[in-house]
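K.L.:
If you scroll down you'll find the structure; I have some questions about it.
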Amino acid sequence: MMDGQAVSRAQVRQSVIELLEGDIAQQTTDAIVNAANSSLLGGGGVDGAIHRAAGPELLAETRALGGCATGDAKISRGYLLPARHVIHAVGPIYRSGDSQVAALLASAYRRSLEVAAANGIETVSFPSISTGAYGYPVEEAAPIALRTAADFLGQNQSIRLLRFVLFNAAILAVYNRALDALVASRYAGLQRPAGSG
Ligand code: ADP
């Protein structure tokens, strides 16, 4: 289903950042990241889609994880999902003017990537954490997500592919613009792969 879909790519050293429109639960990367809440007991949005596609064994495992702090991430198996692992990340609930929320959002991405690397995961798909029920404006969240991804890939080469799976064309467009700006400024060594956009 992803064939023929517009994908934009950038790279940091040998690692690729990819943006596409789609459903996180259908991704075939080694791991997918869940926009979870701190109970890890399931919810709506991304969380609901992942639990529905994974089947009830996922909830049985996450129930035993004992919750997860905001800005942190925990790993489980993927059960019926195409991905072998789910990394459950807890982003912040947005509050305008609160400088802590940006740090917590960056932390949710960074901790997910640390957990992925610690578990030998080489390819991972992320949703746009906190920009649904948690109310984070996509225009503010996208550059934080992309900068944190690029920073990590500049320091740790074990992740070969970091894919952002955006739920609709409007969200994808915001991420595309944010990536363009970061590539233009060579943020963390970000550049376009040869022969691609
Ligand atoms: P949060 O509670 O962290 O805000 P949500 O799941 O409510 O998480 O929403 C996060 C983002 O994921 C939103 O931009 C939403 O549009 C998007 N989204 C919802 N369902 C899916 C899905 N199945 N795949 C990818 N993205 C999704």
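K.L.:
Figure the gain on full extension for R192 and R177 (residue separation times 0.36 nm, minus the Cα-Cα span) and round it to one decimal in nm.
P.N.:
Numbers: separation 15, 0.36 × 15 = 5.40 nm, distance 1.37 nm.
My answer for the length gained is 4.0 nm.
K.L.:
From a point 7 Å beyond the Cα of N168 in the direction of its Cβ, which residues of the stretch 27-51 have a backbone N at a distance under 15 Å?
P.N.:
45-46
K.L.:
Further, regarding this structure: Relative to the longest principal axis of the C-alpha atoms of the chain, give the angle of the C-alpha long axis of helix 169-184, reported between 0 and 90° and rounded to the nearest 10°.
P.N.:
For 169-184 against the chain, the angle is about 50 degrees.
K.L.:
For S8, what is the net charge nearby, where nearby means another residue's Cβ is under 14 Å from its Cβ and Lys, Arg count +1, Asp, Glu -1?
P.N.:
+1
K.L.:
Would you list V183, V90 from fewest to most Cβ contacts within 10 Å? The partial results should precede the final answer.
P.N.:
Details: V183 18, V90 28.
Ascending number of Cβ neighbours within 10 Å: V183, V90.
K.L.:
First measure r as the distance between the Cβ atoms of A133 and A103, then evaluate 1/(1 + (r/R0)^6) with R0 = 25 Å and state the FRET efficiency to the nearest 0.05. Write down the numbers at each step before the final one.
P.N.:
On the way: r = 20 Å, r/R0 = 0.81.
Computed FRET efficiency for A133 and A103 comes out at 0.80.
K.L.:
Work out, step by step, the length gained on full extension between S185 and E114: first 0.36 nm times the residue separation, then minus their alpha carbon distance; give nm to one decimal. Please list the in-between numbers first.
P.N.:
On the way: separation 71, 0.36 × 71 = 25.56 nm, distance 2.55 nm.
Here the segment from S185 to E114 would lengthen by 23.0 nm.
K.L.:
Can you tell me the 0 to 90 degree angle between the C-alpha axis of helix 45-54 and the longest principal axis of the chain, rounded to 10?
P.N.:
With both axes taken from Cα atoms, the answer is about 70 degrees.
K.L.:
Spelling out what I want: for every residue of the stretch 103-113, take phi, set θ = phi - 60°, compute 6.51 cos²θ - 1.76 cosθ + 1.60 (Karplus), and round to whole Hz; glycine and proline get x.
P.N.:
Taking θ as phi minus 60°, the curve returns 5, 5, 5, 4, 4, 4, 5, 5, 5, 4, 5 Hz for the stretch 103-113.
K.L.:
Go ahead and run the numbers for FRET between R160 and L80, Cβ-Cβ distance against an R0 of 22 Å, rounding to 0.05. Show your work: numbers first, answer last.
P.N.:
Values: r = 25 Å, r/R0 = 1.13.
Efficiency computed from Cβ-Cβ geometry: 0.30.
K.L.:
Also, I was wondering about something else. Whole number please: convex hull volume per residue of the Cα set in the chain, in Å³?
P.N.:
On the way: hull volume 20.8 nm³, N = 197.
Considering the Cα atoms of the chain, their hull volume per residue is 106 Å³.
K.L.:
Please give the helix 138-155 orientation as an angle from the longest Cα principal axis of the chain, in degrees from 0 to 90, rounded to the nearest 10.
P.N.:
80 degrees
K.L.:
Given only helices, namely DSSP H runs of n ≥ 4 each adding -39500 (n - 2.57), what is the per-residue ellipticity at 222 nm of the chain, to the nearest 500 deg cm²/dmol? It would help to have the intermediate numbers written out before the result.
P.N.:
Details: 5 runs with 72 residues, N = 197.
Taking each H run of at least 4 residues, the total per residue is -12000 deg cm²/dmol.
Read-outs: derived from the displayed coordinates by stated rules, not from any lab. Computed from a prediction, not measured in an experiment: that's the story for all the values here. As a convention, Cβ positions derive from the backbone with ideal geometry for all residues, glycine included, and neighbour counts pool all protein chains shown.
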